[in-house]
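These notes concern the structure reproduced below.
The values are calculated or read from the model by the stated rules, or taken from the named source; none is laboratory data. None of these values were measured; they are calculated from a predicted model. Neighbour counts are summed over all protein chains in view; Cβ atoms, including those assigned to glycine, are modelled from backbone coordinates with ideal geometry.
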Amino acid sequence: MSEKAYDRHVEQLFDVLNRVTTALRQADIEYRVIGGIAAYLHVAEHDELAARMTRDIDLSVNRRDLDQIAEAVRPYGFMLRHDAGIALVDAAKPSARSAVHLVIAGERVRPTDIAPIPEFSPPVETSEGILLVPVADCCG
């Protein structure tokens, strides 16, 4: 991937992350950014050169909030979709490749998973107001 293509990818990824988390924050919906992007943001906070980017965005949410999430993200250009999992996709160009993947706090993603996604513990908040899962829950 060329440097320009990589820069575009990172810019698009953070645009999506900011739009979705802004929608959830404004609707007062609890969430945590998890997975690779959470690890990236934790590492970048201490050593930007050591951080490695991920390809997608994963959020932990409560199942009871799914209808409210669908309403909250609609004005930001997303729609909730249930296919191979639960995801927020671009309403104009729905694609699983650019989706925000939702996992349910307290539930296993797959029946064969060893443990469920952790319940919400107090978040780590970035300077932009994005709520991250604590290091012990995402990277420990």
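Brief remarks follow.
- Residue in region 61-74 that is out of contact with any strand residue (DSSP E or B) (no Cβ under 6 Å at 6 or more places or on another chain), at pLDDT below 80 and of a type in the set (Val, Ile, Thr) present: no
- Taken over region 75-98, the criterion of being farther than 19 Å from residue 25 by Cα and β-branched (Val, Ile, Thr) is satisfied by 86 alone.
Here's the yes/no breakdown for (1) of a type in the set (A, V, I, L, M); (2) free of Cβ contacts under 8 Å to residues at least 24 places away in the same chain:
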site: 67; (1), (2): no, yes
site: 86; (1), (2): yes, yes
site: 89; (1), (2): yes, yes
site: 92; (1), (2): yes, yes
site: 101; (1), (2): no, no
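- Evaluated against (1) at pLDDT 85 or above; (2) surrounded by 15 or more Cβ atoms within 10 Å (Cβ to Cβ); (3) not small (Gly, Ala, Ser), residue 108 falls short on exactly one condition, (2).
- With respect to (1) modelled with pLDDT under 95; (2) part of a loop (DSSP other than H, G, I, E, B), the lone exception for residue 28 is condition (1).
- In region 90-105, residue modelled with the lowest pLDDT [restricted to those that are surrounded by 13 or more Cβ atoms within 10 Å (Cβ to Cβ) and touching an Asp or Glu at 6+ places or on another chain (Cβ under 9 Å)]: 96
- Flag for residue 87 being at pLDDT 75 or above and either within 23 Å of residue 121 (Cβ to Cβ) or in contact with a His (Cβ under 6 Å, 6 or more places away or on another chain) (or both): yes
- Residue selection: residue 73 fails the criterion of being closer than 15 Å to residue 17 by Cα, crowded, with 17+ Cβ neighbours inside 10 Å and either touching a Phe, Trp or Tyr at 6+ places or on another chain (Cβ under 7 Å) or touching a residue at least 60 places away in the same chain (Cβ under 8 Å) (or both).
- Selection count, region 34-50, where residues are among the hydrophobic types (A, V, I, L, M, F, W, C), more than 26 Å from residue 106 (Cβ to Cβ) and modelled with pLDDT of 65 or more: 2
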